[in-house]
Each structure stands twice: as C-alpha cells, then as structure tokens.
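Written out below as structure tokens is the structure these notes cover.
Coordinate-derived values only; no laboratory data. What you see is a predicted model; the values in this text were computed from it and never measured. No Cβ is skipped: glycine too gets one built from the backbone with ideal geometry, and neighbour counts run over all protein chains shown.
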Amino acid sequence: MTTRTSLRTILIPLLVLAVAGRAGAAQPVFPTPVFITGDESVFTAIGDLDGDGNLDMVVANRSSGDVSVLLGRGGGAFGPQARYGAGDRPVSVALADLNGDQWLDAAVANEGSGDVSIFLGDGTGRLSDAGSVAAGAKPVQVIAADVNLDGHVDLLIGNHDGNDVAVLLGRGDGTFVEGNRVSAGGPVKAIASADFDLNGSPDLALITGTPTSAQIYT
C-alpha cells in the first residue's frame with residue numbers, strides 16, 4: 001500500500017473513539033505522532049522489512065535525494081529513520097522481493113536522474129544499494145508485478161515526460177533487463193497493475209494528462 005504526502009514529516013493517524021456532542025455520538029479523533037524523515041517527503045511504501053510482524057515505512061525524500069526507512073514497533077510507533085541515498089529527486093517506492101530471498105527489497109523511481117534505484121533487504125530492516133536501472137524521461141511512479149509470469153518480479157515505471165511506461169523484466173537476482181515500452185500518448189501521471197480481465201496475467205492501468213485519460217492495457 002502506498003500513500004503520498006508533501007510534508008517533511010510523516011503523520012500516522014491512530015483511530016480513537018471519543019464521546020462528543022450532546023447526543024453522545026462517538027466521533028473519530030486522529031492524534032498525529034510525528035516521525036522525522038528527509039527533505040520534501042513525497043511518497044510512502046508500507047511493508048514488513050524485518051519480518052517481525054510490524055509494518056515498516058520506506059519514504060521517498062525528493063529534495064534530499066534519499067529514502068528514509070522507519071521500522072515499526074507496533075501500536076503505531078516507529079523507530080528513528082535510517083537514510084539511504086537514491087538518485088536525483090526520488091518520488092516513488094515499490095516494495096517487493098526482487099532477488100528471491102523471501103525478504104522485501106525496494107525499487108525507487110528518481111524523476112531527476114530518469115532511473116530506478118534498487119535496494120536489497122536482508123531481513124533485518126537494513127537496505128543495501130544494488131545500483132540503478134535506466135527508466136525514461138521523468139519517471140513519476142514505479143510498481144512491481146510479474147508481468148511475464150516467469151516467477152520473477154518485474155517493474156513498471158510511468159514516465160511523465162517520456163509519455164510512456166517502461167517495463168523492466170526481473171532476472172530473479174535483483175537485476176533487470178529492459179522490456180517493451182507502452183506508449184501512453186501523453187504525460188503519465190499514475191499507473192497501477194491488476195488482473196482486470198481475469199485471465200491470470202497482470203494488466204496495466206494508467207492515467208495521462210493533456211489530454212487527460214484513463215487507459216487499460218491487457
């Protein structure tokens with residue numbers, strides 16, 4: 001699951017029911033614990049990086065050119081951040097097992113450098129830099145899916161200025177080879193993958209701007 005934010009800090013809402021009003025109706029109250037991240041945090045990916053059953057966060061920090069890892073402690077609490085340098089202006093993160101070791105890894109789309117940084121997890125919450133792969137002109141989002149059904153995780157990258165979606169085919173060891181490109185006919189704003197036609201293969205949905213459109217590729 002991923003969410004966007006333009007704040008330098010990540011605000012985690014905790015649902016608390018409180019009695020309010022004369023009628024005594026229960027109203028949701030959202031306290032906001034603050035966890036410090038990098039500069040201009042714009043995207044958050046959620047997953048269990050260290051296998052302790054608590055959800056962790058990997059946050060893309062656009063201005064500081066890095067990602068923050070905050071390990072969950074349970075109960076909505078997180079530990080202090082660990083920072084890892086990415087490419088120029090990281091804006092999106094996808095978490096998946098990219099090298100087949102059963103631990104979550106991270107792929108980070110960098111809109112400034114036009115590539116995707118690969119970080120491999122070791123099951124302790126730490127990430128190691130495994131290099132980068134060219135993506136296209138101003139990538140705005142990266143998602144993970146096994147598009148060719150070979151058992152290896154692949155990456156799809158929406159490129160705003162390239163007007164396309166790049167497909168990077170995974171080799172199963174954390175490395176990738178460029179596949180085909182899907183022409184979008186306009187600047188790509190967002191992408192998603194699901195089996196829309198229920199044939200067992202991942203499909204692609206994308207949104208473009210100027211002209212604005214939603215497109216499905218099966």
Choice from Asp50, Asp115, Asp150 showing the highest fluctuation, given a GNM over the chain with Cα pairs closer than 10 Å: Asp150
From a point 7 Å beyond the Cα of Asp173 in the direction of its Cβ, which residues of segment 131-148 have a backbone N at a distance under 16 Å? 131-132
Would you please give the FRET efficiency between Thr32 and Arg73, computed as 1/(1 + (r/R0)^6) with r the Cβ-Cβ distance and R0 = 22 Å, to the nearest 0.05? 0.80
Per 10 Å bin, what is the whole-percent P(r) computed from every C-alpha pair distance within segment 155-218? 23, 47, 27, 3
Tell me, Kirkwood radius of the chain from alpha-carbon pair distances, in Å? 18.1
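Remind me, relative contact order of segment 79-218 in percent, using alpha carbon pairs under 8 angstrom and six or more residues apart?
Across segment 79-218, relative contact order equals 16 percent.
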What are the ³J(HN,Hα) values, in whole Hz, obtained from phi via the Karplus relation 6.51 cos²θ - 1.76 cosθ + 1.60 with θ = phi - 60°, for each residue of segment 186-203 in sequence order, with x given for Gly and Pro? x, x, 7, 9, 7, 9, 8, 10, 6, 8, 5, 9, 6, 9, x, 10, x, 10
Rounded to the nearest 0.05, FRET efficiency between Asp129 and Leu198 (Cβ-Cβ, R0 41 Å) equals 0.60
Largest fluctuation, Asp48, Asp197, Asp56 only, Gaussian network model of the chain with Cα springs under 10 angstrom, belongs to Asp197
Take the chain, connect every pair of alpha-carbon atoms lying under 10 Å apart with a spring to form a Gaussian network, then pick out the residue of Ser68, Ser193, Ser128 with the largest mean-square fluctuation. Ser128
Where nothing but the Cβ of Lys and Arg (+1) and of Asp and Glu (-1) is charged, how large is the charge dipole of segment 42-140 around its Cα centre, in debye to the nearest 20? 400
When the convex hull of the Cα atoms of segment 119-160 is projected onto a plane and the area is averaged over all directions, what value comes out in nm²? 3.9
Treating the beta-carbon of each Lys and Arg as +1 and of each Asp and Glu as -1, no other charges, what is the dipole magnitude of segment 80-214 about its Cα centre, to the nearest 20 debye? 480
